[in-house]
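Asker: Please find one structure pasted underneath; my questions will follow.
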Amino acid sequence: MTRELKLRMSESALPDYTSQLQELMQRAGVSSLEELSQNAGVSPLQIIRLRRGLALQTPVGVLLKISHGLKISLTELLSVFAPGSVPDEEKASEGNLEQEYQRLQTQIEQQRSVLLDEWKQESLHTLESWLLQWPTVVYRVQENPQLPAVKLLRFVSPVEQLMGEWGVEAIAPVGAEVPYEPHLHQLLEGTAKPGEPVIVRYTGYRYGSKLLYRAKVSPV
């Protein structure tokens, strides 16, 4: 993976409230995540999700159980794991906690968008080798249909469709002759000035407004 892509992915990473959780566990006399899971009656995964900043996407019943396991109120739990989203303590009583939580859930859509984007970025990392190599394989097979690999082409159309739905766009198809643009193209050999014709050997990709990979090209 390119350094630029790693940086973009790290920027979209979820928060980590491990230290805050450990402090609350220590105050409650809980020695491990497994013990908290047993005391609260929830799965360890639910606690991990809370630790990763997913409080607003967790059912209120689960949050109440975790707060009881930590011996704190739901309001205090949310103030720690969803900072800035809870009003002053005196404005939220135990009698209206569920109503207050419903108000907080209006912020879920924005957080969901961030999570979806991070998931896409992780998936792109998994598909990186395919993204960079497959278009060239397709081009070679189309040039020589006698190759047995031609039978494989139809199996990748769902992946290509998924890339399109995610907004991943190829810069140019393999074999295309295009004007050289240094910020979009990487020369495999020789030299070229901006605007001079080059041939695409390996396609590059954009993700929305972000450049994921430059297309690899050769001078005509």
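The values are calculated or read from the model by the stated rules, or taken from the named source; none is laboratory data. The structure presented is a predicted model; accordingly, all values stated were derived computationally and were not measured. Methodologically, a virtual Cβ is constructed for each residue, glycine included, from the backbone with ideal geometry; neighbour enumeration extends over all protein chains shown.
Asker: For region 185-194, state whether one or more residues are touching a residue at least 40 places away in the same chain (Cβ under 8 Å), out of contact with any Cys (no Cβ under 8 Å at 6 or more places or on another chain), hydroxyl-bearing (Ser, Thr, Tyr) and over 30 Å from Ser113 (Cβ atoms).
Answerer: No.
Asker: Could you list, in sequence order, all residues of region 135-164 that are touching a Lys or Arg at 6+ places or on another chain (Cβ under 8 Å) and in contact (Cβ under 8 Å) with a residue 60 or more places away in the chain?
Answerer: Thr136
Asker: Now for a different question. Quick one: would you say Glu90 is closer than 21 Å to Leu14 by Cα, assigned to a helix (DSSP H, G or I) and modelled with pLDDT under 90?
Answerer: Considered against the rule, which asks whether it is closer than 21 Å to Leu14 by Cα, assigned to a helix (DSSP H, G or I) and modelled with pLDDT under 90, Glu90 comes out as no.
Asker: Within region 146-157, can one find any residue that is of a type in the set (Val, Ile, Thr), farther than 30 Å from Ala82 by Cα and surrounded by 13 or more Cβ atoms within 10 Å (Cβ to Cβ)?
Answerer: yes
Asker: Mind listing whichever residues of region 200-220 are within 22 Å of Trp130 (Cβ to Cβ), among the aliphatic types (A, V, I, L, M) and touching a strand residue (DSSP E or B) at 6+ places or on another chain (Cβ under 7 Å)?
Answerer: Residues satisfying the conditions are Val200, Leu212, Ala215, Val217.
Asker: Looking only at residues in region 136-162 that are assigned to a helix (DSSP H, G or I) and either touching a strand residue (DSSP E or B) at 6+ places or on another chain (Cβ under 7 Å) or polar (S, T, N, Q) (or both), which one is nearest to Val217 (Cα to Cα)?
Answerer: Per the criteria, the residue is Thr136.
Asker: Another one. So is Leu45 under 23 Å from Val114 (Cβ atoms) and touching a residue at least 24 places away in the same chain (Cβ under 8 Å) or not?
Answerer: no
Every residue, every condition in (1) closer than 25 Å to Met163 by Cα; (2) surrounded by 14 or more Cβ atoms within 10 Å (Cβ to Cβ); (3) of a type in the set (Val, Ile, Thr), yes or no:
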{"site": "Glu181", "(1), (2), (3)": "yes, yes, no"}
{"site": "Gly195", "(1), (2), (3)": "no, no, no"}
{"site": "Tyr205", "(1), (2), (3)": "yes, yes, no"}
{"site": "Leu212", "(1), (2), (3)": "yes, yes, no"}
{"site": "Lys216", "(1), (2), (3)": "yes, yes, no"}
{"site": "Pro219", "(1), (2), (3)": "no, yes, no"}
